[in-house]
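First comes the structure, then the notes that go with it.
The values are calculated or read from the model by the stated rules, or taken from the named source; none is laboratory data. Quick caveat, the model's predicted, so the values are computed rather than measured. For neighbour counting, all protein chains shown are included, and Cβ atoms are generated from backbone atoms with ideal geometry for every residue, glycine included. The protein model used for the area step is the full one, side chains on, heavy atoms only, and it has no ligands, DNA or RNA in it. Shrake-Rupley method; radii C 1.70, N 1.55, O 1.52, S 1.80 Å.
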Amino acid sequence: MMRNDDTPITLDLFAGQTPTTPGQVERIGEQSFVLRGFALPWLDRLLPALEAILQAAPFRQMVTPGGFTMSVALSSCGALGWTTDRSGYRYSATDPQTGHPWPDMPAAFREMAQAAARQAGFEHFEPDSCLINRYVPGARMSLHQDKNERSLTAPIVSMSLGLPAMFQFGGFERSDRSLRIPLFHGDIVVWGGVDRLRYHGVLPLKAGEHPRLGAQRINLTFRTAG
Ligand code: MD6
Ligand code: FE
């Protein structure tokens with residue numbers, strides 16, 4: 001079905017709202033889960049705290065070791081923040097743009113991440129890093145593994161806000177087939193254990209306007225990095 005301006009109507013159906021059932025849990029791997037709408041009850045605490053973090057450590061586009069500017073803009077909070085430049089990927093205790101420590105991780109962030117980890121079967125999750133990614137329409141994240149963390153025993157908890165995105169969840173080789181999982185405002189993905197080193201990525205963000213976040217998707221990933 002098309003509207004008279006030729007945009008498919010499905011784009012509108014998916015813009016903004018979560019067309020899935022909050023509370024629904026989808027298992028996407030042996031130790032990997034999508035918790036639909038898990039973050040929604042936390043947002044009144046999370047969003048003002050996020051705004052304060054972004055005042056102190058604004059989004060910026062970083063350069064990969066290969067010399068490409070990432071389409072996704074980044075910030076961080078917590079003891080360690082993930083950064084990249086021509087010399088490599090690493091975690092840093094200070095924001096390279098200001099030289100100051102990253103903003104503290106708000107209690108609501110930590111509590112929500114711990115509650116999500118617990119629901120996915122990971123007790124005692126102690127995140128010391130929250131990487132904040134911003135996607136504008138067209139921005140994407142190519143297939144990668146998260147392996148800059150000191151220990152790979154802790155899971156990663158990933159929260160989606162704003163416009164929906166198509167998440168790719170693959171295998172242990174870049175060339176392995178990947179699942180495509182739509183992620184919506186308030187969804188959480190948790191994975192770890194045997195799945196911790198799976199390749200994953202995000203397809204180019206489609207245009208749209210989210211009622212609360214506007215024309216962007218924000219993704220927060222909580223990690224034990226140090
Ligand atoms: C994103 N996420 O959803 C990119 N990494 O925007 C990630 O790269 C990611 O969601 C590790 C664990 C969960 C993730
Ligand atoms: Fe990742």
Extension gain, Lys206 back to Glu51 (0.36 nm per residue minus Cα-Cα distance, nm): 53.4 nm
Whether the range 167-226 is rounded, prolate or oblate, judged on the alpha carbon gyration tensor where a/c under 1.5 counts as rounded: oblate
Ala139 long-range amide H proximity, modeled H, under 5 Å: Leu205
Cα lying deepest toward the dipole's positive end in the chain, options Ala52, Thr221, Ala113, charges on Cβ: Thr221
Accessible surface of the chain, 1.4 Å probe, proportion on carbon and sulfur as whole %: 53 percent
For the range 27-38, Karplus couplings with θ = phi - 60° (6.51, -1.76, 1.60), whole Hz, Gly/Pro x: 8, 10, x, 4, 10, 9, 9, 9, 9, 5, x, 4
Sites Gln24 and Asp85, calculated FRET efficiency, Cβ-Cβ separation with R0 45 Å, nearest 0.05: 0.70
FRET efficiency estimate (nearest 0.05) - Cβ-Cβ, Arg150 to Ala215, R0 45 angstrom: 0.80
Placed amide H near Thr224: partners under 5 Å, 5+ positions off or other chain: Asp128
q = 0.09, 0.14, 0.15 Å⁻¹, the range 8-136: log10 I(q)/I(0) [Debye, one scatterer per Cα]: -0.34, -0.80, -0.90
Cut-off 13 Å (backbone N to label point 7 Å along Cα→Cβ of Thr98), residues of the range 63-89: 75-78
Using θ = phi - 60° and Karplus 6.51 cos²θ - 1.76 cosθ + 1.60, couplings along the range 85-90 (whole Hz; Gly, Pro as x): 8, 4, 8, x, 8, 6
Value of [θ]222 nm, deg cm²/dmol, for the chain, DSSP H segments ≥ 4, -39500 (n - 2.57) each, nearest 500: -4500 deg cm²/dmol
Phi to ³J(HN,Hα) by Karplus 6.51 cos²θ - 1.76 cosθ + 1.60 over the range 49-55, Hz, x for Gly, Pro: 5, 5, 4, 5, 4, 6, 5
Ordering of 185-194, 109-118 by burial proxy (mean other Cβ atoms within 10 Å per residue, highest first): 185-194, 109-118
Prolate/oblate/rounded call for the range 68-226, Cα gyration tensor, a/c under 1.5 rounded: rounded
Amide hydrogen neighbours beyond the local backbone of Ser76, cut-off 5 Å, H modeled: Ile132
